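Have a look at the structure below, then the notes.
The values are calculated or read from the model by the stated rules, or taken from the named source; none is laboratory data. If you're wondering where the values come from, they're calculated on a predicted model, not measured in any experiment. FYI the Cβ positions are ideal-geometry reconstructions off the backbone, even for glycines, and counts take in every protein chain you see. Heads up: the accessible areas ignore ligands, DNA and RNA and are worked out on the full protein's heavy atoms, side chains in. Shrake-Rupley method; radii C 1.70, N 1.55, O 1.52, S 1.80 Å.
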Amino acid sequence: MSSLGKGLASAALGALLQARGYSVRLRKLDPYLNVDPGTMSPFEHGEVFVTDDGAETDLDLGHYERFTGVHARKTDSISSGRIYSNVLEKERRGSYLGKTIQVIPHVTNEIKDFLRIGEDEVDFMLCEIGGTVGDIEGLPFFEAIRQFIHERPRGQCILMHLTLLPYLAASGELKTKPTQHSVKELQSIGLAPDVLVCRSEHPIPEREREKIALFCNVRKEAVVAAYDLKSIYEAPLAYHREGLDQAVLDAFGISPAPRPNLDKWDDVVDRIRHTDGEVNIAIVGKYVQLEDAYKSIKEALTHGGMANRVKVNVEWVDAEDFDREDVGERLSGFNAILVPGGFGERGTEGKIKAAQFARERGVPYLGICLGMQMAVIEAARNVAGVTKAGSEEFDHEKGEKRFEPVVYHLKEWVQGNHTVSRKADDDKGGTMRLGAYTANLKDGSKVAEVYGSTTIEERHRHRYEVDIKYMDKLEKCGLVFSGMSPDGILPEIVERPDHPWFIGVQYHPELKSKPFAPHPLFRDFVRAAVDASRLV
Ligand code: GLN
């Protein structure tokens with residue numbers, strides 16, 4: 001079931017197989033009917049993770065990248081919605097030659113084709129299926145997987161099943177019944193798990209382990225415990241101690257198994273456990289009730305903390321609080337302020353106030369996407385005298401003209417060597433500037449120093465852009481445009497040389513940060529917070 005840690009277990013297993021010298025790719029199959037998570041509310045589904053090739057995917061793909069360093073692709077994430085839409089499109093095109101379209105074989109074939117993409121490129125392909133065994137939406141996936149295994153030589157596929165062992169405090173026991181039942185459910189559709197990963201808050205007694213092995217028909221060594229951890233980055237080492245990678249290689253009949261090199265993960269865990277000091281960072285956002293909405297930002301800040309060996313305490317501040325509360329009172333005491341991405345006008349006046357507070361008080365500020373746009377609007381309004389400065393996004397939403405569009409709706413842009421065009425009334429899905437784009441950084445700028453380079457590639461997900469029409473005016477007021485698209489039309493980065501640390505970026509640097517390779521912007525932002533904490 002959701003939140004049990006399937007994504008993390010998959011990601012950790014990927015990392016462990018890499019540690020044994022294998023190449024891996026991870027893939028997510030989601031049973032819901034949305035075509036992709038691009039239009040799903042962050043309140044409901046958490047963050048949308050964007051890949052280099054511009055797919056809007058499930059946040060589990062973020063875990064996969066953070067644990068394995070393998071960049072996900074469009075073809076690593078699929079939903080029932082996409083599968084059905086592909087099938088229906090083919091039907092309309094006449095590709096099925098007038099046949100009656102059915103779940104078996106048309107939908108299941110579409111799923112199997114997806115599983116096969118790029119299968120020869122890596123040693124192990126790990127496919128995670130979202131949802132819970134028994135969900136109606138999940139059935140075509142399970143059937144496709146049964147066929148997939150049936151069609152290939154023995155020993156090429158194994159099944160791993162994640163279950164929960166609930167603890168009954170009153171009787172002081174762990175219950176194995178739910179595990180037995182979900183395995184039975186799987187068996188009834190022709191799937192027999194080879195490895196069981198059992199999530200438990202308490203140590204699993206030997207007796208219970210034997211019981212699970214016997215009744216679920218798996219080997220005892222293949223019943224792997226998954227205990228709660230202080231940090232998710234302890235998962236690879238913890239799973240290794242519990243024998244997950246060994247159980248998986250045994251199930252594949254790989255013997256002797258190559259010895260693992262876990263130095264990378266030892267270092268990661270050491271950096272989390274042994275810190276020297278802490279910093280407090282405010283994230284001023286809109287979706288603060290659900291932390292998963294800013295998952296990658298939270299993780300990237302943790303990585304920045306690891307790079308500096310400090311603990312990063314994040315506090316979520318609702319931007320709408322500033323409608324009622326004084327910004328100074330709410331934000332003083334933080335060593336740095338981060339304003340993340342977002343959509344729609346709600347909360348933006350509060351974000352603008354947060355940017356103003358950071359600028360005026362010399363507090364380190366990192367603005368990401370909407371957070372950059374807000375910093376630009378703030379400077380335009382309060383420093384450059386464009387009093388009505390705003391974003392076209394807010395006028396579009398309200399259907400009226402209230403602002404001078406310092407941030408405007410982009411309808412045409414260059415990607416690599418072709419031009420992409422969009423109309424204002426295109427459907428909502430995928431009509432943004434999405435995926436990896438190159439930016440050129442100004443020589444001698446703060447960001448060039450942070451990156452140690454003057455060309456970078458970062459991932460985007462937005463419809464609106466800062467208008468270069470305002471560049472001169474803003475630069476005269478101290479807001480330097482230090483990163484631009486290669487054609488010089490789209491501002492990618494703004495910074496304030498007169499400020500200890502003030503950077504806004506139009507892209508999402510958090511998506512590329514890894515625990516073993518913290519993103520330079522987050523590393524430097526946390527360092528600036530450490531410097532600020534020493535001043536107080
Ligand atoms: N809503 C803004 C835009 O579309 C910012 C998007 C974001 O922060 N990801 O341009």
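Worth pointing out:
- The chymotrypsin sites (Phe, Trp or Tyr not before Pro) of the range 161-234 include none that meets both conditions, a loop assignment by DSSP and at most 13 other Cβ atoms within 10 Å of the site Cβ.
- In Å², nearest 10: area of residue 161 left accessible to a 1.4 Å probe: 20
- Sites matching chymotrypsin sites (Phe, Trp or Tyr not before Pro) across the range 112-146 that sit in DSSP coil, with at most 10 neighbouring C-beta atoms within 10 Å: none
- HN-Hα J in Hz across the range 517-526 - Karplus 6.51, -1.76, 1.60, θ = phi - 60°, x for Gly and Pro: 8, x, 5, x, 5, 6, 4, 6, 5, 5
- Amide H within-cut-off set for residue 79, under 5 Å, with H built and near neighbours excluded: 30
- Cα convex hull volume per residue for the range 300-421 (Å³): 141
- For the residue pairs 74/446; 90/512; 398/423, the C-alpha atoms sit more than 24 angstrom apart in 74/446; 90/512.
- Proximal lysines relative to residue 264, as straight alpha-carbon distance under 16 Å, when same-chain residues fewer than 8 apart are discounted: 514
- On the basis of the beta-carbon distance and an R0 of 45 Å, residue 263 and residue 387 show a calculated FRET efficiency of 0.20.
- In this label model, residue 206 and residue 329 are separated by 6.2 nm, measuring between points 7 Å along each Cα→Cβ vector.
- The alpha-carbon of residue 28 sits under 12 angstrom from the alpha-carbons of these aspartates and glutamates, leaving out residues fewer than 8 places away in its chain: 36, 58, 60, 76, 128.
- Taken per residue, the accessible surface of the chain reaches 44 Å², heavy atoms only and a 1.4 Å probe.
- Nonpolar atom fraction for the chain, defined as the carbon and sulfur part of the 1.4 Å probe accessible area, stands at 49 percent.
- Helical mean residue ellipticity (222 nm; -39500 (n - 2.57) per DSSP H run of 4+; nearest 500) of the chain: -10500 deg cm²/dmol
- Computed from the alpha carbon atoms alone, the convex hull of the range 92-142 holds 108 Å³ per residue.
- Semi-axis lengths, Å, the chain, gyration tensor of Cα atoms, sqrt of 5 times eigenvalues: 43, 29, 21
- For residue 367, the residues 5 or more places off, or on other chains, whose built amide H falls under 5 Å of its own are 339, 503, 504, 505.
- Length released on extending from residue 228 to residue 39, taking residue separation times 0.36 nm less the Cα-Cα span: 64.8 nm
- For the pair the range 74-99 and the range 363-395, the centres of their Cα atoms are 43 angstrom apart.
- Long pairs among 353/401; 351/388; 6/184; 112/411, criterion Cα-Cα beyond 27 Å: 112/411
- Derived scalar couplings ³J(HN,Hα) [the range 156-162; Karplus, 6.51 cos²θ - 1.76 cosθ + 1.60; whole Hz; x for Gly, Pro]: 8, 10, 10, 10, 10, 10, 9
- In plain terms, the chain is cut at each of the trypsin sites (Lys or Arg not before Pro) found in a DSSP loop with at most 13 other Cβ atoms within 10 Å, and the longest leftover piece is 429-536.
- Amide H partners (placed H, <5 Å) of residue 59, local residues excluded: 49
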